[in-house]
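Contents: one structure, followed by commentary.
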């Protein structure tokens, strides 16, 4: 992406935060258990699972990719 890579990544992260925030609003009022939008709960559980995995498992077992040397394929 060249010189635009940082800005494209930043825009993508901000758009994702915006979407997660606004898609968590309920669809109608008053909110009951049947009309509640459960997206916020699903996102919270996903974040919790990924965080626990990162701390418990991946912290010790994940090795980042090694950079390629110039001129080798």
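The values are calculated or read from the model by the stated rules, or taken from the named source; none is laboratory data. Note that the structure is predicted; figures quoted are calculated from it, not measured. Reconstructed Cβ throughout: ideal geometry from the backbone, glycine too, with neighbour counts over all protein chains shown.
Considering 47, 43, 52, which residue is closer than 22 Å to residue 16 by Cβ, surrounded by 10 or more Cβ atoms within 10 Å (Cβ to Cβ) and in contact with a helix residue (DSSP H, G or I) (Cβ under 9 Å, 6 or more places away or on another chain)?
Working: 47 fails: in contact with a helix residue (DSSP H, G or I) (Cβ under 9 Å, 6 or more places away or on another chain); 52 fails: in contact with a helix residue (DSSP H, G or I) (Cβ under 9 Å, 6 or more places away or on another chain).
Of the residues listed, the single one that is closer than 22 Å to residue 16 by Cβ, surrounded by 10 or more Cβ atoms within 10 Å (Cβ to Cβ) and in contact with a helix residue (DSSP H, G or I) (Cβ under 9 Å, 6 or more places away or on another chain) is 43.
Output the residue which, of all residues in segment 12-28 that are without any contact (Cβ under 8 Å) to a residue 12 or more places away in the chain and not in a helix (DSSP H, G or I), is surrounded by the most Cβ atoms within 10 Å (Cβ to Cβ). Give the derivation first.
Just the residues of segment 12-28 that are without any contact (Cβ under 8 Å) to a residue 12 or more places away in the chain, to begin with: 12-19, 21-22, 26-28.
When the remaining residues are screened for being not in a helix (DSSP H, G or I), the result is 26-28.
Numbers: 26: 14, 27: 8, 28: 9.
Residue satisfying both the conditions and the ranking: 26.
In this structure, does residue 31 turn out to be surrounded by 11 or more Cβ atoms within 10 Å (Cβ to Cβ), out of contact with any helix residue (DSSP H, G or I) (no Cβ under 8 Å at 6 or more places or on another chain) and modelled with pLDDT under 85?
Values: surrounded by 11 or more Cβ atoms within 10 Å (Cβ to Cβ): yes; out of contact with any helix residue (DSSP H, G or I) (no Cβ under 8 Å at 6 or more places or on another chain): yes; modelled with pLDDT under 85: yes.
Here the answer is yes, as residue 31 does meet what is asked.
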